[in-house]
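Undergrad: What follows is a structure written as structure tokens; I'll ask about it next.
The values are calculated or read from the model by the stated rules, or taken from the named source; none is laboratory data. This structure is a prediction, so every number in the text was calculated from the model and none was measured. For neighbour counting, all protein chains shown are included, and Cβ atoms are generated from backbone atoms with ideal geometry for every residue, glycine included. Calculation scope for accessible area: heavy atoms of the full protein, side chains included, ligands and nucleic acids excluded. Shrake-Rupley method; radii C 1.70, N 1.55, O 1.52, S 1.80 Å.
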Amino acid sequence: MGGTPRAANIDTDCTGTPAEAVMTLPAPLAKWGQIACTPFGHVLTSHKDWIWILPTVRRPVFVPSQMVDRLPQPVGNKSYFTKIEVRRVSGDELAMAYEIFHQGFDPKETMPDAYRVDLTSVSGKTVQLYFFDYDTYAWGMECRDAKCERDSRFMILDKDHMPLPREPSI
């Protein structure tokens, strides 16, 4: 995951993007996000009505298609996502992801809807994210090599509305 707006240098002009690049996000990811083009390749990031932010450092979050830990190359539209799959999770998978994600939060909090997002880059590299939808806000968390990292948690906030606690289901 990336974290500084200067590094992303988000641009809305995706001219020259290959036809096999995923440019439209499936629901519910489309509610909070978009694919944006940068000099360093395509990134998954928030769209204009939402912000993805690392609360510990208060920096915006984006997921680069280049998927390198450091020193991304200025490859433009040569780095992009070839597959973005979203599926709702439940059972053991939900329990595992939610336990890691929810550490340090209110144990009485109403359970969110949870989704796993699998991203595949043109390089063949993959990354997995879990999203926890609380209706008026959400959280995301990155997982690599079947291990989720609590420190990767990021908030997803609606810029125009205050987050409200999720109402329990009837």
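Undergrad: In this structure, is R59 modelled with pLDDT under 95, within 30 Å of G16 (Cβ to Cβ) and loosely packed, with under 13 Cβ neighbours inside 10 Å? Steps first, answer last, please.
TA: Details: modelled with pLDDT under 95: yes; within 30 Å of G16 (Cβ to Cβ): yes; loosely packed, with under 13 Cβ neighbours inside 10 Å: no.
Here the answer is no, as R59 does not meet what is asked.
Undergrad: Failed condition for I51, given (1) within 30 Å of L164 (Cβ to Cβ); (2) modelled with pLDDT under 95; (3) among the β-branched types (V, I, T), with all others met?
TA: (2)
Undergrad: Let me ask something else about it. Anything in the range 116-145 that is exposed (fewer than 15 other Cβ atoms within 10 Å of the Cβ) and in contact with a strand residue (DSSP E or B) (Cβ under 8 Å, 6 or more places away or on another chain)? List them, or say none.
TA: Residues of the range 116-145 that are exposed (fewer than 15 other Cβ atoms within 10 Å of the Cβ), as a first pass: 118, 124-126, 135-136, 144-145.
Result: D118, T126, T136, R144.
A quick yes/no check of all residues on (1) within 19 Å of S152 (Cβ to Cβ); (2) among the hydrophobic types (A, V, I, L, M, F, W, C); (3) within 19 Å of the chain's Cα centre (by Cα); (4) open to solvent by 60 Å² or more (accessible area, probe 1.4 Å):
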| residue | (1), (2), (3), (4) |
| --- | --- |
| R70 | yes, no, yes, yes |
| E93 | yes, no, yes, no |
| F101 | yes, yes, yes, no |
| P112 | yes, no, yes, no |
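Undergrad: Just the residues that are open to solvent by less than 100 Å² (accessible area, probe 1.4 Å) and either farther than 19 Å from I53 by Cβ or not basic (K, R) (or both), please, taken from the range 147-163.
TA: Answer for the range 147-163, where residues must be open to solvent by less than 100 Å² (accessible area, probe 1.4 Å) and either farther than 19 Å from I53 by Cβ or not basic (K, R) (or both): C148, E149, S152, F154, M155, I156, L157, D158, P163.
Undergrad: Can you list the strands (runs of 3 or more DSSP E) lying wholly within the range 11-106 that have 1 or more residues being of a type in the set (G, A, S)? Outline the logic, then answer.
TA: On the way: elements: 33-38, 41-46, 50-54, 62-64, 81-88.
It comes to 33-38, 41-46.
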